[in-house]
1. So, with a 1.4 angstrom probe, what is the percent of accessible area on the chain that is carbon and sulfur?
2. Under 15 Å from a point 7 Å along the Cα-to-Cβ line of Ala82: which residues of the stretch 1-30 have their amide N that close?
3. Of all chymotrypsin sites (Phe, Trp or Tyr not before Pro) in the stretch 1-61, which ones are in loop regions per DSSP and have a Cβ with at most 12 other Cβ atoms within 10 Å?
4. How much accessible area per residue does the chain have, in Å², with a 1.4 Å probe?
Amino acid sequence: KFTFSDPPPSIQVTAPNGGEAWYMGETHSITWTHAGISDAQTVHIVLLQNDTIVGTIAEDIPITNHTYSWTVGQYNGGTASAASNYKIRVETMDYLYQDISNANFTILNPTLTLTAPNGGQVLNVGSTYNITWTSRGDVSNVWLQYSTDNGISWKNITTSTANDGSYTWTVPNDPSSQCLVRITD
């Protein structure tokens, strides 16, 4: 003889569940599954660092959503710092059921990578040139500069332009073979 029964009540975090590296300000999904808990139940999502509560990310999310779109690093009342020791806890609002990420995930600082010019180009004075870059994370504007003395001193190209990956620059009348371009948040 055997018996059919409902699974024991449970909730399980499926992402981030350990090992992920997410950039500050990007949007990622926090996901979970549940079994044996009323579909009418709601959950709240908590950010932990070193297994200590940093803050609440969201409250009163229907358990049946199984996902929450998170702006990485944001929680009610603050922003987390870059570190590699975070976990997520999803728990029912009555605190009867909860689960925590199996292992730590990492929140990374935003990055900027200059893609052009990146060495070897010859830019003619007075011509236009597209400075290009890539970025990860929350960077809304960038600062572009150039150097004609291999980085000893810097001159502004623009102090603020949208982080859209490209800036059209009119090459100045400042000839040198020691030129560099840099990008800063």
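1. 46
2. Residues 21-26 fall inside that zone.
3. Numbers: sites: Phe2, Phe4, Trp22, Tyr23, Trp32; in loops: Phe2, Phe4.
When the chymotrypsin sites (Phe, Trp or Tyr not before Pro) of the stretch 1-61 are filtered for loop state and at most 12 Cβ neighbours within 10 Å, Phe2, Phe4 remain.
4. Here the per-residue accessible area is 55 Å².
The values are calculated or read from the model by the stated rules, or taken from the named source; none is laboratory data. All values reported here derive from a predicted model rather than from experimental measurement. In this analysis, Cβ positions are derived from the backbone assuming ideal geometry, glycine residues included, and neighbour counts consider all displayed protein chains. To get the accessible areas, we keep the full protein, side chains included, count just its heavy atoms, and leave off ligands, DNA and RNA. Shrake-Rupley method; radii C 1.70, N 1.55, O 1.52, S 1.80 Å.
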